[in-house]
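The block underneath contains the structure these notes are about, expressed in structure tokens.
The values are calculated or read from the model by the stated rules, or taken from the named source; none is laboratory data. Predicted, not measured: the structure shown is a model, and the values here were computed from it. Neighbour counts are summed over all protein chains in view; Cβ atoms, including those assigned to glycine, are modelled from backbone coordinates with ideal geometry. Note: areas computed on protein heavy atoms with side chains; ligands, DNA, RNA excluded. Shrake-Rupley method; radii C 1.70, N 1.55, O 1.52, S 1.80 Å.
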Amino acid sequence: VCSMGNSTSRLYSALAKTLSSSAVSQHRDCLEQPDSAQLDPIDPKDLLEECQIVLQKRPPRFQRDFVDLKKNAASNHRPIRVMQWNILAQALGEGKDNFVQCPMEALKWEERKCLILEEILAYKPDILCLQEVDHYFDTFEPLLSRLGYQCTFFPKPWSPCLDVEQNNGPDGCALFFLKDRFELVNSANIRLTAMKLKTNQVAIAQTLKCNETGRLFCIAVTHLKARTGWERFRSAQGCDLLQNLKSITQGAKIPLIICGDFNAEPTEEVYREFSNSSLNLNSAYKLLSPDGQSEPPYTTWKIRPSGECRHTLDYIWYSQHALNVNSALGLLTEEQIGPNRLPSFNYPSDHLSLVCDFSFNQDPDRLL
């Protein structure tokens with residue numbers, strides 16, 4: 001394990017006590033973490049300090065503000081903060097994605113992981129949904145479990161990371177929730193199908209009970225097939241995911257939040273399927289627009305050899321009859337992102353993180 005700051009670093013000590021992913025991932029493909037009760041908790045302030053020590057030569061983190069979206073009276077329970085983020089698999093960032101304006105120095109894992117952790121620690125999500133995770137066993141599970149999260153990982157069956165030399169194992173989806181806020185009722189790892197064929201894309205869906213309210217809800221994370229020309233394939237994957245979620249939520253009786261990199265603009269069929277689903281879903285980030293009907297202009301912005309790519313691909317869907325969106329984190333401006341786009345020394349991924357605060361409606365059935 002490489003030092004994160006100096007030889008006495010608390011964060012280095014935390015990481016040094018964990019097993020490397022190469023030794024572990026062969027045996028723990030898609031299972032939840034083992035009991036971490038014997039591991040010492042980490043103070044998030046200490047972890048943030050250690051990250052900032054590592055990052056002291058980099059520019060400061062971008063300032064992003066939450067936009068208040070509450071329309072109704074204040075809820076009688078603490079909001080549930082959900083964070084969605086494609087963090088960019090390390091093997092792909094260094095080996096395949098070819099960000100021509102991003103210096104390789106900016107992609108060094110020992111520093112980039114601190115940028116990712118800094119972003120997570122800054123927004124303190126109760127639930128964290130990540131895609132393109134290829135450092136689960138050596139970084140995210142050992143650290144986030146000690147911050148109080150229950151952790152689940154489901155890798156892609158044929159991850160493109162495995163084609164990269166010196167890779168860290170397959171990438172996949174990961175879901176984390178705070179154990180002091182929620183109790184796990186049910187968990188499903190879903191390998192998505194399309195045209196009756198099993199595909200390389202996956203999802204995790206977990207039914208949780210909110211300890212404060214006793215209410216059940218389902219949280220899901222997914223990452224659909226990338227690239228132009230695969231629109232029908234993504235549509236089929238989306239239909240399969242919706243069918244699975246209808247069963248899990250008993251036809252929307254259990255409120256639902258779906259986080260994901262859908263690799264699909266709002267003009268695609270898979271987006272319309274989610275918008276028109278019988279699960280009565282809405283996209284939370286539409287609420288940032290003046291009319292509440294338009295998605296943000298971008299959630300990813302990068303430059304590859306083929307040219308500049310600015311797209312809206314990432315979403316947080318929610319049961320609009322059962323949940324309110326209290327606030328949403330504003331996106332980075334073009335000026336903040338800068339002319340070389342993402343990733344960069346300032347920002348660790350080519351995708352922006354999305355963060356929303358949710359509360360339960362008092363009478364969800366009335367609106368269904």
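Only helices (runs of 4 or more DSSP H) wholly contained in segment 83-171 count here; list those with 2 or more residues that are of a type in the set (K, R) and farther than 23 Å from S187 by Cα. Don't jump to the end; show me each part of the working.
Working: elements: 90-95, 109-123, 141-146.
Where helices (runs of 4 or more DSSP H) fall fully within segment 83-171 and carry at least 2 residues being of a type in the set (K, R) and farther than 23 Å from S187 by Cα, they are 109-123.
Quick one: count up the residues across segment 244-291 that are in contact with a Ser or Thr (Cβ under 7 Å, 6 or more places away or on another chain), among the β-branched types (V, I, T) and more than 16 Å from A203 (Cα to Cα).
Total satisfying the criteria: 1.
On the basis of being part of a strand (DSSP E or B), open to solvent by 10 Å² or more (accessible area, probe 1.4 Å), touching a residue at least 60 places away in the same chain (Cβ under 8 Å) and more than 29 Å from G95 (Cβ to Cβ), does N326 make the cut?
Values: part of a strand (DSSP E or B): yes; open to solvent by 10 Å² or more (accessible area, probe 1.4 Å): yes; touching a residue at least 60 places away in the same chain (Cβ under 8 Å): yes; more than 29 Å from G95 (Cβ to Cβ): yes.
Against the criterion (part of a strand (DSSP E or B), open to solvent by 10 Å² or more (accessible area, probe 1.4 Å), touching a residue at least 60 places away in the same chain (Cβ under 8 Å) and more than 29 Å from G95 (Cβ to Cβ)), N326 qualifies.
Which condition breaks for P348 when tested against (1) farther than 21 Å from P60 by Cβ; (2) touching a Lys or Arg at 6+ places or on another chain (Cβ under 7 Å)?
The failed condition is (1).
What number of residues within segment 45-59 are open to solvent by less than 70 Å² (accessible area, probe 1.4 Å) and either without any contact (Cβ under 8 Å) to a residue 40 or more places away in the chain or more than 22 Å from L107 (Cβ to Cβ) (or both)?
So the answer is 1.
Would you point out which residue out of Q150, Q166 is more than 20 Å from T300 (Cα to Cα) and modelled with pLDDT under 95?
Numbers: Q150 fails: modelled with pLDDT under 95.
Q166 is the lone residue from the list that is more than 20 Å from T300 (Cα to Cα) and modelled with pLDDT under 95.
Quick check on segment 59-91: of everything there that is at pLDDT below 95 and in contact with a helix residue (DSSP H, G or I) (Cβ under 7 Å, 6 or more places away or on another chain), which residue is farthest from N346 (Cα to Cα)?
Here the answer is L69.
Can you find, within segment 336-368, the residue that is surrounded by the most Cβ atoms within 10 Å (Cβ to Cβ) among those that are within 24 Å of K113 (Cα to Cα) and charged (D, E, K, R)?
Within segment 336-368, the subset within 24 Å of K113 (Cα to Cα) is 336-356.
If we keep only those that are charged (D, E, K, R) as well, we get 341, 350.
Details: R341: 23, D350: 25.
That would be D350.
Report yes if some residue within segment 135-144 is touching a Gly at 6+ places or on another chain (Cβ under 8 Å) and over 16 Å from E50 (Cα atoms); otherwise report no. Give the steps one after another, and end with the answer.
We begin by selecting, within segment 135-144, every residue touching a Gly at 6+ places or on another chain (Cβ under 8 Å); these are 136-137.
Okay, now just the ones that are also over 16 Å from E50 (Cα atoms), so 136-137.
Among the residues of segment 135-144, at least one is touching a Gly at 6+ places or on another chain (Cβ under 8 Å) and over 16 Å from E50 (Cα atoms), which makes the answer yes.
Only residues that are closer than 21 Å to H351 by Cα, surrounded by fewer than 22 Cβ atoms within 10 Å (Cβ to Cβ) and aliphatic (A, V, I, L, M): list them for segment 119-163, please.
L121, A122
Residue under question is P170, and the condition is that it be of a type outside the set (D, E) and open to solvent by less than 20 Å² (accessible area, probe 1.4 Å); does it hold?
Details: of a type outside the set (D, E): yes; open to solvent by less than 20 Å² (accessible area, probe 1.4 Å): no.
So P170 fails the test.
So, in segment 218-272, how many residues would count as being open to solvent by 10 Å² or more (accessible area, probe 1.4 Å), part of a loop (DSSP other than H, G, I, E, B), more than 27 Å from C151 (Cβ to Cβ) and out of contact with any strand residue (DSSP E or B) (no Cβ under 7 Å at 6 or more places or on another chain)?
Counting residues in segment 218-272 that are open to solvent by 10 Å² or more (accessible area, probe 1.4 Å), part of a loop (DSSP other than H, G, I, E, B), more than 27 Å from C151 (Cβ to Cβ) and out of contact with any strand residue (DSSP E or B) (no Cβ under 7 Å at 6 or more places or on another chain) gives 9.
Are any residues in segment 302-323 of a type outside the set (K, R), surrounded by fewer than 20 Cβ atoms within 10 Å (Cβ to Cβ) and in a strand (DSSP E or B), and if so, which ones?
Of everything in segment 302-323, those that are of a type outside the set (K, R), surrounded by fewer than 20 Cβ atoms within 10 Å (Cβ to Cβ) and in a strand (DSSP E or B) turn out to be I303, G307, E308, C309, H311.
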